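Novice: Encoded as structure tokens, here's the structure I'll be asking about.
The values are calculated or read from the model by the stated rules, or taken from the named source; none is laboratory data. None of these values were measured; they are calculated from a predicted model. Cβ placement follows ideal geometry from the backbone for every residue including glycine, while neighbour counts extend to all protein chains displayed.
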Amino acid sequence: MLHPDRQRSDRDGPLLTQRAAIVFLLAALVGIGATVLAALGGNAWPVAVSVGGGAAATAVLFFREIIG
């Protein structure tokens, strides 16, 4: 709890904005989905994880532009 005569600083705000949280959540879902689909398609797990990572990175760029 803050002392009564201390004012809150601006650093007490959220770490991520709502927009950034939604972008990262959607990118994580896309990456997980791509990983699972690649693994079910017969690829080895390291390859599937690489596919998922690439899809997640691309999804961040995509959703950052789409979500205004």
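Novice: Those residues that are touching a residue at least 12 places away in the same chain (Cβ under 8 Å) and either on the phi > 0 side of the Ramachandran plot or surrounded by fewer than 16 Cβ atoms within 10 Å (Cβ to Cβ) (or both), I need them from segment 43-53; list them, please.
Specialist: Across segment 43-53, the qualifying residue is only G53.
Novice: In this structure, does R6 turn out to be among the basic types (K, R) and modelled with pLDDT of 95 or more?
Specialist: no
Novice: Quick check on my filter: what residues within segment 19-42 are within 25 Å of I67 (Cα to Cα), exposed (fewer than 13 other Cβ atoms within 10 Å of the Cβ) and of a type outside the set (G, A, S)?
Specialist: Residues satisfying the conditions are R19, L25, L29.
Novice: Right, something else. Checking L16 against (1) modelled with pLDDT under 95; (2) exposed (fewer than 10 other Cβ atoms within 10 Å of the Cβ): exactly one of these is not met. Which one?
Specialist: (2)
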